[in-house]
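A short worksheet on the structure shown next.
The values are calculated or read from the model by the stated rules, or taken from the named source; none is laboratory data. For clarity, every value in this text was computed on a predicted model and none was experimentally measured. Neighbour counts run over all protein chains shown; Cβ positions are idealised from the backbone, glycine included.
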Amino acid sequence: MADLSNKVVLVTGASSGIGEAAARELAAAGAKLMLGARRTDRLDRLASELGGDVAFRRLDVTDRSDFEAFVAAAEERFGRIDVLVNNAGVMPLSPLASLQTEQWDWMIDVNIRGVLNGIAAALPRFVAQGSGQFVNVASLGAHYVVPTGAVYCATKFAVWALTDGIRREHKDLRATIISPGVVVSELGDTITDATAREVMASFRESALTADAIARAIRFAIEQPEDVDVSEIIVRPTASNVI
């Protein structure tokens, strides 16, 4: 396994859930971290708790210039960047017939454009230094569609495609997709549709904690440079629904 004390890792959506758990896991492994999210009060507390080489900056992933500034700040602080964990995402599930078009736009902006903005900021730097890794958090919804999840799944299918596109276009870069099953997090709190809330409640009867996904992220990053873990699917053992 690679020594993560030599790695500079950027994590988006780091104020809660999988992003926070990943920050804790990677800090414990000695990585240098730049954490991004909109809730800087949470980032401040987390960075203070983790200590060491952990910095943070407010980040709106839907703003391309903001993402560029986030990556530039990490580069200025640590001298380089090695890994970008595109974790920020939203999941306001609803049936298509409910026509929650504003929520559709929100998912597209955060889940797709947010990842593209991260790629646009980090890819030129990775190409210039001849190495780098994208770890993009997708979902089981990147592999099949569930009722109330058509738009959300479409955004995660897109994340899968973008990640595989990086792998195919850049033989000297690593690109990893992490596809979690249901995880205990704030993600489901954005669901306003009653039908979708009921569906999610049944799924959450068997749910992973965020640290399970954090360990998968760490595993992918720790591999030697000539090993690209293309995808990890992590689901609850007890779940036979999805």
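Okay, here's what the table says:
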{"read-out": "Exclusive hit being buried (at least 16 other Cβ atoms within 10 Å of the Cβ) and β-branched (Val, Ile, Thr), set VAL151, VAL127", "value": "VAL151"}
{"read-out": "All helices (runs of 4 or more DSSP H) inside region 23-140 with 2 or more residues being free of Cβ contacts under 8 Å to residues at least 40 places away in the same chain, aliphatic (A, V, I, L, M) and more than 14 Å from VAL8 (Cα to Cα)", "value": "40-50"}
{"read-out": "So ILE166, is it under 19 Å from LEU26 (Cα atoms), crowded, with 17+ Cβ neighbours inside 10 Å and either of a type in the set (S, T, N, Q) or modelled with pLDDT of 95 or more (or both)", "value": "no"}
{"read-out": "Test result for ILE119, buried (at least 18 other Cβ atoms within 10 Å of the Cβ) and under 16 Å from the mean Cα position of the chain (by Cα)", "value": "yes"}
{"read-out": "Residue satisfying all of: in region 149-174; touching a Gly at 6+ places or on another chain (Cβ under 8 Å) and not in a helix (DSSP H, G or I); farthest from ILE233 (Cα to Cα) among these", "value": "ASP172"}
{"read-out": "Filter result (touching a Gly at 6+ places or on another chain (Cβ under 9 Å) and of a type in the set (D, E, K, R)) within region 110-148", "value": "ARG125"}
{"read-out": "Which numbered condition LYS171 misses (of (1) touching a helix residue (DSSP H, G or I) at 6+ places or on another chain (Cβ under 9 Å); (2) surrounded by fewer than 18 Cβ atoms within 10 Å (Cβ to Cβ))", "value": "(1)"}
{"read-out": "Residues being surrounded by fewer than 24 Cβ atoms within 10 Å (Cβ to Cβ) and either touching a helix residue (DSSP H, G or I) at 6+ places or on another chain (Cβ under 8 Å) or under 17 Å from VAL229 (Cβ atoms) (or both) - total across region 22-41", "value": "5"}
